[in-house]
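> The structure under discussion is supplied below as structure tokens; questions concerning it will follow.
The values are calculated or read from the model by the stated rules, or taken from the named source; none is laboratory data. All of these numbers come straight from a predicted model, not from anything done at the bench. Heads up, the Cβs are rebuilt from the backbone with ideal geometry, glycines too, and the neighbour counts pull from every protein chain shown. Accessible surface is based on the protein model in full, side chains and every heavy atom, while ligands, DNA and RNA are left aside. Shrake-Rupley method; radii C 1.70, N 1.55, O 1.52, S 1.80 Å.
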Amino acid sequence: MEKEVEWGEFRVGDLFEIAYTKKKLNANTLKFNGKHPYVTRQAGNNGIRGYIDHDEQFLNDANTISFGMDTAVMFYQSKPYFTGDKIKVFYPRIDFNTTIAMYVITAMKRSFSLFGWGMSYDNSIISNVALQLPKGKDGKPDFEYMTAYIRQIEIERLDELGRYAETRLKAMCHVVDDNPYI
């Protein structure tokens, strides 16, 4: 991206409404063979411990961020989901989709990196955490830039993957050509 970027400071609370999960479900009482994600504070697998069935009125909305208190792990959730204990849900006040979520979550992880395990993740503290984001001419976050930036990274990674696959395929063909037993 060659565009000159102007950066601005934006508070988490200006970008998201921060709420507790609709219902905290105890993982020890659940059967993991359902259809809805059960999101916890774990760092891997987008926070998803497994899939469960439960009363759907307690599903948290899709297109939100799950935020694991104590650990400050955060993930974009594209589908409705249930959660365990100590999860907050960030409801966007901004244009929001998977691409923008990738950019914003990266900025959030940078800002929350100064927090330690077990710190207070009270809503007033979370709301006031500052993020550095590209700023548009209107003074609001520049979502067009964020989208273009993430798409450019995706294109670069796909190109790298294509070159890697081509190299591996050529190497495999060379082995086959040189092997009299195949």
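> I'm a student and want to see the number: the projected area of the Cα convex hull of the stretch 60-110, averaged over all directions, in nm².
Mean orientational projected area (the stretch 60-110, Cα hull): 3.4 nm².
> Within the stretch 67-103, list the residues whose amide N lies under 16 Å from a label point set 7 Å along Cα→Cβ of Asn45.
75, 81-85
> Towards the positive end of the charge dipole of the chain, with charges on Cβ (+1 Lys, Arg; -1 Asp, Glu), say which of Ile125, Gly136, Tyr20 has the farthest Cα.
Tyr20
> Which angle between 0 and 90 degrees, to the nearest 10, do you get for helix 143-178 versus the longest principal axis of the chain when only C-alpha atoms count?
Long axis of 143-178 versus the principal axis of the chain: about 30 degrees.
> Can you spot the lysines whose alpha carbon is less than 23 Å from Lys137's alpha carbon? Ignore those fewer than 8 places along the same chain.
Excluding near neighbours in sequence, the set is Lys3.
> Let me ask something additional. I want the local charge near Thr147. Using Cβ-Cβ distances under 12 Å, sum +1 for each Lys or Arg and -1 for each Asp or Glu among the other residues.
Within the 12 Å Cβ shell, the charges total -3.
> Now for a different question. In percent, what relative contact order does the chain have, based on Cα pairs under 8 Å that are 6 or more apart in sequence?
Value for the chain: 26 percent.
> Continuing with the same structure: What is the helix-to-structure angle for 98-112, meaning the angle in degrees between its Cα long axis and the longest Cα principal axis of the chain, kept from 0 to 90 and rounded to the nearest 10?
70
> Then there is this: Could you give the length gained by full extension between Glu9 and Asn28, i.e. 0.36 nm per residue of separation minus their alpha carbon distance, to one decimal place?
Fully extending the segment from Glu9 to Asn28 adds 2.7 nm.
> Dipole magnitude of the stretch 83-126 about its Cα centre, charges +1 at Lys/Arg Cβ and -1 at Asp/Glu Cβ only, in debye to the nearest 20?
80
> Could you list the GluC sites (Glu not before Pro) in the stretch 1-53 that lie in coil according to DSSP, counting only those with at most 14 other Cβ atoms within 10 Å of their Cβ?
Passing both the DSSP loop test and the Cβ count: Glu2, Glu4, Glu6.
> Can I ask one more? Summarise the accessible area of the chain (1.4 Å probe, protein heavy atoms) by the percent that is carbon and sulfur.
C and S fraction of accessible area: 51 percent.
> Would you mind getting the Kirkwood hydrodynamic radius of the stretch 1-95 from its Cα pairs, rounded to one decimal in Å?
14.2
> When only DSSP loop residues count, what trypsin sites (Lys or Arg not before Pro) in the stretch 29-70 have their Cβ near at most 10 other Cβ atoms within 10 Å?
Loop-located and lightly packed - Lys31, Lys35.
> Evaluate the chain: find the radius of gyration of its Cα atoms, find its Kirkwood radius, and give the ratio Rg to Rh.
Ratio of gyration radius to Kirkwood radius for the chain: 1.11.
> Same structure again: Quick one: longest stretch of the chain between exposed loop chymotrypsin sites (Phe, Trp or Tyr not before Pro), exposed meaning at most 11 other C-beta atoms within 10 Å and loop per DSSP?
Answer - 33-116.
> Quick check for you: with a 1.4 Å probe and neighbouring chains kept, what is the accessible area per residue of the chain, in Å²?
Heavy-atom SASA per residue in the chain reads 61 Å².
> Exactly which trypsin sites (Lys or Arg not before Pro) in the stretch 117-171 are in a DSSP loop and have at most 11 other Cβ atoms within 10 Å?
Within the stretch 117-171, the qualifying trypsin sites (Lys or Arg not before Pro) (loop, at most 11 other Cβ atoms within 10 Å) are Lys137.
> Run the reach check for Lys35 against lysines, Cα to Cα strictly under 27 Å, same-chain hits fewer than 8 apart removed. What comes back?
Lys22, Lys23, Lys24, Lys79, Lys86, Lys88
> Whole Å is fine, so just give me how far the alpha carbon centre of the stretch 146-174 lies from that of the stretch 1-41.
29
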